[in-house]
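The values are calculated or read from the model by the stated rules, or taken from the named source; none is laboratory data. The structure presented is a predicted model; accordingly, all values stated were derived computationally and were not measured. Every residue, glycine as well, gets a Cβ built from its backbone with ideal geometry; the counts of neighbours run over all protein chains shown. Heads up: the accessible areas ignore ligands, DNA and RNA and are worked out on the full protein's heavy atoms, side chains in. Shrake-Rupley method; radii C 1.70, N 1.55, O 1.52, S 1.80 Å.
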Amino acid sequence: MDSKEVALDLFPYLKVYKDGTLERVAGVEVVPPGLDPETDVLSKDIVIVPETGVSARIYRPNMATEGQKLPLVLYFHGGAFCVASPAFPNYHNCLNKLVAEANVVVVSVAYRLVPEHPLPSAYEDSWAALQWVASHKDKQGNQESWIKDYAEFENVFLAGDSAGANIAHHLALRIKESGLGHKLKILGIGMIHPYFWGSSPIGSELNDRMRKELVDKWWLYVCPSDKGCDDPLINPFVDGSPGLAGLACDGILVIVAEKDILKDRGVLYYDEVVKSGWKGKAEIMETKGEDHVFHIFNPDCDKAKSLIKRLASFLNQGKAPAE
């Protein structure tokens, strides 16, 4: 019999015990990189910041030839900032499919997780990964051959699901204030089921008190600030949040799922971006009958394939037409 008392059960992610230890219930499995025979996509693991251990899994089509410049995608995984990694089988599988469909280079960032590394560590690690990618433009520092030989720096995208989509949003705002935009041309942000929230319920949250309280509990554990669920990290529309007009990209694709408790926040984000005065092109896609990150857990269903195709099309917008 387990004598340890559970202090907090953050279903389905982790359990926190009263003695201060925690057990991750989901997202702990890992698979190695390599050649995926189904998609003919190559991957390998790389260290980005040795001092902090920030790393990434990088992907490219096996048939790509040196000098063939491909769109470069920085991908940020989900998991409520506290579970999962690029090596989690579901993410590895999904990104193999995306790379094959879109013919792109992907850098899937392994940021450090809460609670061992409290926020804003995940954002800082992701920013460090973006800076590291940008350093290849002027050939500074630790050069990765797959980026140097195959990536097009004028054709860069930020993408992610859930917490990773939240990270992509914050990076795009930060780019505007930095000199990074002079090195990388961020064409777009692909946001799948973005993790935004707020203390006052909207849409379906009004009628689903149980799931509203569950998501409240997740965030208050992940980011125990005095602002609660209206911290600007999770609620981009509260006073003190940067204006959406400052997003440093040309396009945004927001993908939501009909049964996802986070859906209305994603729709609100799309609506607010359109109204903000931001000069880019915003698009939204809704998958009927599905819930949060369904494509990660059921990647071979038709709706997951449609989602990947739609995201791939978005990532290919900057490619020159074939002659």
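With R₀ fixed at 30 Å, the C-beta to C-beta distance from residue 178 to residue 303 puts the FRET efficiency at about 0.20.
Each principal axis of the Cα atoms in the range 100-197 has its own extent, and those three values, largest first, are 38, 30, 25 angstrom. Working from Cα pairs under 8 Å separated by at least six residues, relative contact order for the range 11-55 is 20 percent. Shown is the FRET efficiency for residue 274 and residue 7, computed with R0 = 41 Å from the Cβ-Cβ distance and rounded to the nearest 0.05: 0.45. Taking every C-alpha pair closer than 8 Å and separated by at least 6 residues, the mean separation divided by the residue count of the chain gives a relative contact order of 15 percent. Does anything in the range 159-182 have its amide N under 17 Å from the 7 Å Cα→Cβ label point of residue 137, and if so which residues? Zone members listed by number: 159, 171-182.
Say R0 is 30 Å: what FRET efficiency, to the nearest 0.05, do residue 21 and residue 220 get from their beta-carbon distance?
On the way: r = 20 Å, r/R0 = 0.65.
After rounding, the FRET efficiency stands at 0.95.
With the highest mean first, a sort of the peptides 187-197, 122-132 on other beta-carbon atoms found within 10 angstrom per residue produces 187-197, 122-132. If one computes P(r) from the Cα atoms of the range 160-299, what percent of pairs lie at distances over 28 Å? Tail fraction, whole percent: 16. Estimated at 0.36 nm per residue, the fully extended path between residue 213 and residue 124 surpasses their Cα-Cα distance by 29.2 nm. Summed over the residues of the range 181-323 and divided among them, the accessible surface reaches 48 Å² per residue at a probe radius of 1.4 Å.
Taking only alpha carbon atoms, the range 247-305 gives an Rg to Rh ratio of 1.04, where Rh is the Kirkwood radius. Could you check which residue among 185, 275, 303 shows the biggest mean-square fluctuation in a GNM of the chain with a 10 Å Cα cutoff? Of the options given, 275 has the highest mean-square fluctuation. Packing, as the average of other Cβ atoms within 10 Å across residues, places the peptides 9-17, 68-76 in the order 68-76, 9-17, highest first.
Stokes-Einstein at 20 °C, 1.002 mPa s, Kirkwood radius from Cα pairs: D for the range 161-241 in µm² s⁻¹? So the translational diffusion coefficient is about 152 µm²/s. Translational D (Stokes-Einstein, µm²/s) of the range 12-60 at 20 °C and 1.002 mPa s when Rh comes from the Kirkwood sum over C-alpha pairs? The estimated diffusion coefficient comes to 156 µm²/s. With all protein chains in place and a 1.4 Å probe, the accessible surface of the chain carries 53 percent carbon and sulfur. With both labels modelled 7 Å from their Cα along Cα-to-Cβ, the residue 154 to residue 285 distance reads 2.6 nm.
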